[in-house]
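Student: Please see the structure below; I have some questions.
Computed from the coordinates by the stated procedures, all read-outs in this text should not be read as laboratory data. Here the structure is a predicted model, which means the values were calculated and not measured. In this analysis, Cβ positions are derived from the backbone assuming ideal geometry, glycine residues included, and neighbour counts consider all displayed protein chains.
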Amino acid sequence: MKGIAIGFSNSSKVILKRLKKTEFIDEIYIASSAQKKKIEDNLIPVIKPKEFFKEKWKNLDLIIFIGSIGASIRLINCFLTTKDKDPGVIVIDKKGSKIIPLIGSHQANTQNIAFQISNLFGGEIIETNNSYDQNYLSIDSFGNQWGWKKSGDIKGWSEIVIKQAKKEKIFCKQLSGITLWKNSESAKDIDFSFEADPNQKNSTFYISVYDLHKNTWHPPILWIGLGCERNTSKNLIANSLKKFFESSNLSPQSIAGLATIDIKKDEKGILELAEENKLPIKFFTREDLSEIIVPNPSNVVLKEIGTPSVAEASCLLAAGEASKLLKEKRIFKNKSGAVTIAVAESKNQYNPTHGEIHIIGSGPGDISFLTNNARKALSRCTVWIGYKMYLDLIKPLKRSDQVLIESNLTEEKERCAKAIKLAEEGIKVALISSGESGFYGMAGLLLELLQKIKKEYRPYFEVHPGISSVQLAAALSGAPLMNDFCSISLSDKLTPWSLIEQRIEGALKGDFVIALFNPQSIERNWQLKSVIDICLQSRHEDTPILIARQVGRENQSKKFFTLKTIPFKEIDMLSIIIIGNSQTTLVDEIFLTPRGYLQN
C-alpha cells in the first residue's frame, strides 16, 4: 500500500508525525506557500498541490488530509474517476478529534483505516456509509478482511450493493473458503439458501475458486504442483498455467502457492514466477512425494528422479490433510522447455503474508484502561480470540463485521493455535489477554509457538502493551512500586514450588517490594501462608501489605494489612498482593516506598 498524508497548515505537524509512524503512511507533506524545498522533520513541502496530485494520483492507494473538508474536495475533485480506481481519501481535523472517510471506503479499505486512526487518536469517526450506519455487510469489500480477492466489474458489484441499500434480499453461494464470517452480525441479513433461480442472478455473490460468475470472492486454497525440465523458461510456465486455469474455469486469484520437488530450489523459471506473483513455494523430498498416491504416476519420472510423481504429489502434499486433486496433471511443451501442472484444493486457506496476529493487553478490567494503541489494533483485526470474560469487557468496541471466538480459562494453547491458523489463512487476529499480555499472559505462549514456524512462513505479529493489574493496584493505594520491585506468581502449575521459594528468598535478600500474582485458590490453599512465613523470617511483622481485589472492575476493593495480620481467608485468584520492603510506609492509607529524593 502506498499512502501519504498532507497537512494544510503548520498546526497539523503533530498529527502528521504520528501518522508517519503507522503502517499505512509512507510519506508526510505540508502545504507551503514559501518557495522552500528543504525537508524538515520528515515533512516534505508542497508548493503547488494541484500539480503534485496530478503527478502522484494514479500511484496512490491512500491520501489523508489534515484540514478542512472543503479544501480537500476542491483539491482532488478534478482527479476523481471511479471508486475502483481512485485512492481512498480520509480527512482529519487538526486536533485529530474528527476522522472522516471521504472517498473509497470500500475499494481502498478506507473505512477500516479510519477506524484505526479514530482509536489511535481517541477521535470520533464521522461515517455516512450505509454498511456502517445500518450494520450492513460491505459486500464488495468485506472479503479483503478474510484474505480473499475479488473478481467482477464495478457495475456488477454496484448492482448488488444498490439492491442491498433498497433492503432487497441478497443471496450468497459459498463453495469454498472459511465460513467464520457468517457469524458476524453484519452477515445476519444474507440469505444462504441459494437456489438456481435466474431471478436471483443480480442479487447473488459467490465465494469460489471458479471464475464463472460476475460477483465472486476467491479464497486462496489452490496449490499448484509443478514439474519441469531443467531451465524451462518462466514465460512457458506462466503461459501454460494461464491456459490451464482458463480451460478449467479456475481463478488465479485463488492460488495459495506453488509446490514442487526440492531439487528445483534453484529452478530459475519457477523462482521468478513465484517472486513476480508474490507466491510461496513449498519444496518436498522425493521420499515424501513417493508416499503420495496419485492417479497418473510416471515410470519415466520415477527412473529419472526417484519418485513417480512431482506435480500431482507435490500439490496434494502442499494442500494438506483432507485435500483433493482438483485437476489432474497436464504437460505443456515448446522450444523453451516442458512443464507439468496439477492443481489440488486445500480444506484451509493459506495467505500468511496477509494475515496478522495482534497480542493485546486489554488492561485490568474497565474499558477506560485500554490504551489507544490497543484500540487501534482491535479495530484492525477481523477476529478477536480470548477468554469469554475478557472479551465481554471490551465487547462495546466491536463492530458488526468483526467476529468473537470465545474459549474457557484453561484453553490458552488452543487459543494461540487458533490465532496462528487464522493468521496463516490470511486473517488479521486479535489475541486478548487481560492486563499486560507479557505478564503471565498470552504473549509468551504465542511467541513460543511462532518460533516453531519457519521465519519465511510465519505470519506478522505485534505485541500491544496493556496496563497490568499490579500497576493499577499500586496506583489505587499510593506509590508502593516507586523503588525496585519484583513480581512473583505463586501458581506452581507451570513453575516448581522449590523455584518459587528461591525467588521469594532472593527478593527478600535484595529488599525488593514484592507483588504476588495468583496468590491463592481453592486447590492451592497453603502456598501463600508458606510465603508469608518466609517473609516473616527477614522482614518485620508490621511491614505494610496491600490486598487489592477485582481492580479495574465493578467490585474493586483495596485493604491494608501487615505481614502479621494478613487475612488468608479473604484472598483468592482475583487478588493482587503487594508486600512493602524495609522502607515502605503506610500513613493515612497512603502506601509509599520512598525513592530517596528527600534524603538528598
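Student: Could you tell me the distance between the Cα centroids of the range 432-481 and the range 312-346, to the nearest Å?
Tutor: 43 Å
Student: With a cap of 13 neighbouring Cβ atoms within 10 Å, and only residues DSSP puts in a loop, list the trypsin sites (Lys or Arg not before Pro) found in the range 494-600.
Tutor: On the way: sites: Arg503, Lys509, Arg524, Lys529, Arg539, Arg549, Arg553, Lys558, Lys559, Lys564, Lys569, Arg595; in loops: Arg524, Arg539, Arg553, Lys564, Arg595.
Passing sites in the range 494-600 are Lys564, Arg595.
Student: Quick one: length gained pulling Glu168 to Ile263 fully straight, 0.36 nm per residue minus the C-alpha distance?
Tutor: 28.7 nm
Student: By how many degrees, 0 to 90 and rounded to 10, does the Cα axis of helix 497-509 deviate from the longest principal axis of the chain?
Tutor: Tilt of helix 497-509: around 60 degrees.
Student: Give me the extension gain from Asp153 to Ser538: residue separation times 0.36 nm, minus the current Cα-Cα distance, reported in nm with one decimal.
Tutor: 130.9 nm
Student: With a cut-off of 8 Å between alpha carbons and a minimum separation of six or more residues, what is the relative contact order of the range 470-597 in percent? If you can, show how the numbers build up before the last one.
Tutor: Working: 228 pairs, mean separation 42.2, N = 128.
For the range 470-597, the relative contact order is 33 percent.
Student: Taking +1 at the Cβ of each Lys and Arg and -1 at the Cβ of each Asp and Glu, which of Ala548, Ser138, Ile162 sits farthest along the dipole of the chain towards its positive end, judged by Cα position relative to the Cα centre?
Tutor: Ile162
Student: Separate question: Could you list the trypsin sites (Lys or Arg not before Pro) in the range 415-488 that lie in coil according to DSSP, counting only those with at most 16 other Cβ atoms within 10 Å of their Cβ?
Tutor: Here the sparse-neighbourhood loop sites are Lys452, Lys454.
Student: May I pose another question? Assuming R0 = 22 Å, can you tell me the calculated FRET efficiency for the pair Lys564 and Thr410, based on Cβ-Cβ distance, to the nearest 0.05?
Tutor: For Lys564 and Thr410, the calculated efficiency is 0.05.
Student: Follow-up. Between Ser582 and Asn135, 0.36 nm times their residue separation minus their Cα-Cα distance comes to what?
Tutor: 155.1 nm
Student: Just the number, please: percent antiparallel of the DSSP beta bridges in the chain, rounded to the nearest 5.
Tutor: Once the DSSP bridges in the chain are tallied, antiparallel ones form about 40 percent.
Student: For Cα extents along the principal axes in Å, which listed value, (i) 92, 50, 41; (ii) 89, 69, 53; (iii) 73, 70, 70, comes from the coordinates shown?
Tutor: This structure yields the entry labelled (ii).
Student: Also: Between 0 and 90 degrees, rounded to the nearest ten: what's the tilt of helix 110-121 against the longest Cα principal axis of the chain?
Tutor: Approximately 20 degrees, to the nearest ten.
Student: Using a cut-off of 9 Å between beta-carbons, work out the net charge of the residues near Gly123 (Lys and Arg +1, Asp and Glu -1, Gly123 not included).
Tutor: Net charge around Gly123: 0.
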